Amino acid sequence: MFDASMDGSGQKGGGLIRVGTRKSQLARIQTDSVVKMLTQRFPDVHFDIVAMSTTGDKILDTALSKIGEKSLFTKELENALERKEVDLVVHSLKDLPTTLPPGFTIGAVCKREDPHDAVVFHPSNAGNTLKSLPENSVIGTSSLRRAAQLKKIYPQLQFKDIRGNLNTRLKKLDDQNNFNAIILAAAGLHRMGWEERIGQILSPEECLYAVGQGALAVEVRAKDQDLLNMVCALQDPQTVLRCIAERAFMRKLEGGCSVPVAVSTFIKDSQLYLTGAVYSLDGSDCLKETMQSCIVFPNEEVEGPNDDSQHVGITAVGVPHKSLASAECLGTELADLLLSKGAKKILTVARQLNDAR
Ligand code: DPM
């Protein structure tokens, strides 16, 4: 187990771990919750939080999908990890690319919160649903994934970009009259304590969620075995298996923030179910399929503390190896199925149209 007399760099020290975070309120809340869980399990270790700004926080006037930089919210934090200024970094898993730069790994994926998308209405539209909003109402989202799916079901609504952190978006919604509603991840709203603003939760039938949405990830240096052994205490096996399948699907499609790719997963009776879809920007073209795979095997071997094998960037110490491989394979196979039906073309056109916007 983790030796509290070692610091993250493996040197003898006072048991001090430095935790990197972005400066936004949501990032701080997420980091605080992970530090709280670690403190409960390792009461002798001291955790220091180091807050930093990232490119994604600084560029506020451009839609995420147009910036085209994969590690928008992560690069500065990874630089600090590499320089050993921090020992672990807390992220929203959905902001982490499916291939991490060499030398880094996700050492834990915590239990997922509600992964669905939520609608927050302007106070003057409170009590509505997307369906009951007046014609030509304006919905704020910069997510191509959300816009594509909702444009298809609600052609009477208009969709416009909105950027900024959660606080900024809520303020833009409430203080101006530019938007009738905005779409946000339910998990973020819950963490901010704003659940009373959720006017509608979108079911996977209406809107499939983003890969990894609602799950927190702890990134560490891949060779930092002490830290890996420590943070794996936060690992939620079901969340890890679902997210590995989702990320394998995304990786095989070569998707990212800048393409409309969406998923949903659940586990029932030893089976992992994955629904995945790709969309054209207006949602008129769509490929959507579901596959399942067994993830519980009798007497299977647990991934050991010294096993440095990664699954789409995740080192899943403590989770059975065969289950991990099965989840990863499920994601890849579902992507192959969509690719065989023409997913590549849909995504290429979506990317080109978005770049030309
Ligand atoms: C990514 C997307 C968005 C974030 C794209 C998508 C939303 C961008 C937008 C990859 N990252 O979802 O299709 O609406 O303009 C982000 C949020 C959270 C993590 C905020 C949100 C919090 C929830 C979580 C931004 N990243 O989606 O409302 O932990 O999943």
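None of the figures in this text is laboratory data; all of them are computed from the coordinates on show. Not measured: the values here are computed from a predicted model. Note that each Cβ is placed from the backbone with ideal geometry, even for glycine, and that neighbours are counted across all protein chains shown.
Taking one equal scatterer on every alpha-carbon of region 316-357, how large is log10 of I(q)/I(0) by Debye at q = 0.16, 0.34 1/Å? Cα-only, vacuum Debye calculation for region 316-357: -0.59, -1.01. Considered as an equivalent ellipsoid built on the Cα gyration tensor, region 61-220 has semi-axes of 31, 15, 15 Å, the largest given first. When the Cα atoms of the chain are aligned to their principal axes, the ranges along those axes come out at 64, 45, 36 Å in descending order.
Give the whole-number value, in cubic angstrom per residue, of the convex hull volume spanned by the C-alpha atoms of region 264-332.
Details: hull volume 6.3 nm³, N = 69.
Value for region 264-332: 91 Å³ per residue.
A cut-off under 11 angstrom between Cβ atoms defines the neighbours of I198, and their net charge, with Lys, Arg +1 and Asp, Glu -1, is -3.
For T275, the shell of other residues with beta-carbons less than 11 Å away shows a net charge of -2, using +1 for Lys and Arg and -1 for Asp and Glu. Think of region 79-188 as having a plus end and a minus end, set by charges on the Cβ of Lys, Arg, Asp and Glu; of S143, Y154, V86, Y154 sits farthest toward the positive end of this dipole. By a straight-distance test (C-alpha under 12 Å), which aspartates and glutamates pair with K84 as possible cross-link partners, with residues fewer than eight away in the same chain excluded? Reachable aspartates and glutamates: D7, D224.
Mind checking region 186-237 for trypsin sites (Lys or Arg not before Pro) that DSSP puts in a loop (not H, G, I, E or B) and that have at most 16 other Cβ atoms within 10 Å?
K223
Shown for region 161-221 is the translational diffusion coefficient from the Stokes-Einstein equation, using the Kirkwood radius over Cα pairs, a temperature of 37 °C and a viscosity of 0.692 mPa s: 246 µm²/s. Of all DSSP-defined beta bridges confined to the chain, some 75% are antiparallel rather than parallel.
Based on the Cβ-Cβ distance of K36 and K160, what FRET efficiency does E = 1/(1 + (r/R0)^6) give at R0 = 30 Å, to the nearest 0.05?
That pair, K36 with K160, gives E of 0.20.
Counting 0.36 nm for each residue step from H46 to E205 and taking away their Cα separation leaves a gain of 52.8 nm.
For region 157-185, backbone nitrogen atoms closer than 15 Å to the point 7 Å from R28 Cα along Cα-to-C-beta are found at 165-168.
Relative to the dominant Cα principal axis of the chain, helix 343-356 is inclined by about 70°.
Per the Debye formula with a single identical scatterer at each Cα and no solvent contribution, what log10 I(q)/I(0) holds for region 145-293 at q = 0.21 Å⁻¹? At q = 0.21 Å⁻¹ the computed log10 ratios are -1.42.
Gain on full extension, evaluated as 0.36 nm per residue between D355 and Q176 minus their Cα-Cα distance, stands at 61.6 nm.
Based on the convex hull around the alpha carbon atoms, region 236-290 presents an average projected area of 4.2 nm². Taking a straight line from the alpha carbon of K36, these lysines sit under 16 Å away, with near neighbours fewer than eight places off in the same chain left out: K111.
Take the Cβ-Cβ distance between L16 and A233 as r, set R0 to 22 Å, and report the resulting FRET efficiency rounded to the nearest 0.05. So the FRET efficiency works out to roughly 0.75. Normalising by the residue count of the chain, find the relative contact order in percent from Cα pairs under 8 Å and 6+ residues apart. Relative contact order, the chain: 20 percent.
The count of lysine pairs in region 125-261 whose Cα atoms are under 13 Å apart, excluding pairs fewer than 8 places apart on the same chain, comes to 4. Compared with the dominant Cα axis of the chain, that is its longest principal axis, helix 166-175 is turned about 20°. What do you get for the angle between helix 237-253 and the principal long axis of the chain? Use alpha-carbon atoms, 0 to 90 degrees, nearest ten. With both axes taken from Cα atoms, the answer is about 60 degrees.
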